[in-house]
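The values are calculated or read from the model by the stated rules, or taken from the named source; none is laboratory data. Just so we're clear, the structure is a prediction, and the values are computed from it rather than from any experiment. Note: areas computed on protein heavy atoms with side chains; ligands, DNA, RNA excluded. Shrake-Rupley method; radii C 1.70, N 1.55, O 1.52, S 1.80 Å.
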Amino acid sequence: MPVGTLAKTSELKGYITTTKVEGQTRHRCNDPTCSHQGHFDTRREAISHIRRVHLKELRPFICITWYDASRHVNAKNRGKIFECTICHERYARKDYRDLHARRCLMKSKQVK
């Protein structure tokens, strides 16, 4: 698989060996040149290691525009600051809260 390409999880099976160690499932990187000598507790950790270290993937997702990236980062850093006035559920982004509020309002009208 070429370096830098995004691999499907199913394509990474040959890169990982799964064994039982003291009754627990452990996952190991199969690359003989790998500096990581230990085991990974979860398959997800092993796959993440293969993608970052051996396939040189930075992330399994790509932000399309600077606006999307900044909106994502701001939502993560601010926390859930937008509250629904009907049920008081909180959201990280105003557009998510507004979408929820419309649905919440429809549900509350159906109940009455």
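Miscellaneous remarks
- Of residues in the range 62-89 being part of a loop (DSSP other than H, G, I, E, B) and of a type in the set (D, E, K, R), the one modelled with the lowest pLDDT: Lys80
- Test: residue in the range 53-61 that is within 30 Å of Glu11 (Cα to Cα), outside any loop (DSSP other than H, G, I, E, B) and at pLDDT below 80: yes
- Any hit, the range 96-110, residues being open to solvent by less than 70 Å² (accessible area, probe 1.4 Å), at pLDDT 85 or above, among the aromatic types (Phe, Trp, Tyr) and more than 17 Å from the chain's Cα centre (by Cα): no
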